[in-house]
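Asker: My questions will all concern the structure given below.
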Amino acid sequence: MAIYSLLDQLTIPYQRFDHPPVFTCVEASRLLPDLPAAKTKNLFLRDPKSERLFLVVTPEESRVDLKTLASTLGVKRLSFGSPERLDAVLGLTPGSVTLLAMVRDRENAVELVVDEAIWQAEQVQCHPLINTATLIIRLDDVRRLLTHLGREATVMRLPTVTGD
């Protein structure tokens, strides 16, 4: 798979854990051992009015307040992108959305937004563009990958639903 070739080309080490397909964070937590890396939840969002697309990476347990986030990002409203749009833009299926998906965004159509808690973690768990494996990668290496791709992340404290 191309993602492994790119990681190897950039000499980015990773640990790989294969598992049955997972579609939710709950399934992933049930199937994976307790790994020494930040667990993420990845949201593929869009603003229906402007057609701006976002990949939002947040700690697994967070529930993002989409209304407040929309306002912060300067858009009217955020909704989840359809599986068809996800496939068309990033070549991914639901359950496979990952921080590493930026390697597939050749048109720079998706804005990456990362919660500061994830960005400050030493290591992160992420899918290698499929939901049958999880990688552990150092955040410094993720930053290096993004630089290689000519991409930047908007890092912020993501607004959460009250009660978190």
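The values are calculated or read from the model by the stated rules, or taken from the named source; none is laboratory data. If you're wondering where the values come from, they're calculated on a predicted model, not measured in any experiment. With ideal geometry, Cβ positions are generated from the backbone for all residues, glycine too; neighbour counts draw on all protein chains shown. Note: areas computed on protein heavy atoms with side chains; ligands, DNA, RNA excluded. Shrake-Rupley method; radii C 1.70, N 1.55, O 1.52, S 1.80 Å.
Asker: Based on this model, can you work out whether residue 93 counts as polar (S, T, N, Q), open to solvent by less than 10 Å² (accessible area, probe 1.4 Å) and touching a residue at least 12 places away in the same chain (Cβ under 8 Å)?
Answerer: Considered against the rule, which asks whether it is polar (S, T, N, Q), open to solvent by less than 10 Å² (accessible area, probe 1.4 Å) and touching a residue at least 12 places away in the same chain (Cβ under 8 Å), residue 93 comes out as no.
Asker: Considering (1) over 27 Å from residue 21 (Cβ atoms); (2) surrounded by 17 or more Cβ atoms within 10 Å (Cβ to Cβ); (3) without any contact (Cβ under 8 Å) to a residue 60 or more places away in the chain, say which one residue 74 fails and leave the rest.
Answerer: Of (1) over 27 Å from residue 21 (Cβ atoms); (2) surrounded by 17 or more Cβ atoms within 10 Å (Cβ to Cβ); (3) without any contact (Cβ under 8 Å) to a residue 60 or more places away in the chain, only one is false for residue 74: (2).
Asker: Select from the range 1-40 the residues that are within 20 Å of residue 87 (Cβ to Cβ) and buried (at least 18 other Cβ atoms within 10 Å of the Cβ) and list them in ascending order.
Answerer: 3, 22
Asker: Are any residues in the range 81-90 free of Cβ contacts under 8 Å to residues at least 12 places away in the same chain and either in contact with a Pro (Cβ under 6 Å, 6 or more places away or on another chain) or not in a helix (DSSP H, G or I) (or both), and if so, which ones?
Answerer: Those that are free of Cβ contacts under 8 Å to residues at least 12 places away in the same chain and either in contact with a Pro (Cβ under 6 Å, 6 or more places away or on another chain) or not in a helix (DSSP H, G or I) (or both): 82, 83.
Asker: Just for the range 111-126: of the residues that are touching a residue at least 60 places away in the same chain (Cβ under 8 Å) and of a type outside the set (Asp, Glu), which one is nearest to residue 87 (Cα to Cα)?
Answerer: 126
Asker: A further question follows. Inside the range 96-110, can you point out the residues that are in contact (Cβ under 8 Å) with a residue 12 or more places away in the chain and part of a loop (DSSP other than H, G, I, E, B)?
Answerer: 96, 97, 98, 105, 107, 108, 109
Asker: Can you tell me which of 34, 87 is more than 24 Å from residue 138 (Cα to Cα) and acidic (Asp, Glu)?
Answerer: Exactly one of 34, 87 is more than 24 Å from residue 138 (Cα to Cα) and acidic (Asp, Glu), namely 87.
Asker: Working carefully through the options 76, 67, 41, find the one that is out of contact with any Phe, Trp or Tyr (no Cβ under 8 Å at 6 or more places or on another chain), among the charged types (D, E, K, R) and in a strand (DSSP E or B).
Answerer: Step by step, each of 76, 67, 41 is checked, and only 41 is out of contact with any Phe, Trp or Tyr (no Cβ under 8 Å at 6 or more places or on another chain), among the charged types (D, E, K, R) and in a strand (DSSP E or B).
Asker: Separate question: How many residues are in a strand (DSSP E or B) and open to solvent by less than 40 Å² (accessible area, probe 1.4 Å) if we restrict to the range 44-64?
Answerer: Just the residues of the range 44-64 that are in a strand (DSSP E or B), to begin with: 44-46, 53-59, 64.
When the remaining residues are screened for being open to solvent by less than 40 Å² (accessible area, probe 1.4 Å), the result is 44-45, 53-59, 64.
Residues meeting the conditions: 10.
Asker: Just a yes or no: is a residue in the range 103-117 in contact with a helix residue (DSSP H, G or I) (Cβ under 7 Å, 6 or more places away or on another chain) and under 23 Å from residue 32 (Cβ atoms)?
Answerer: yes
Asker: Determine if the range 19-30 includes at least one residue that is at pLDDT 90 or above and not in a loop (DSSP other than H, G, I, E, B).
Answerer: no
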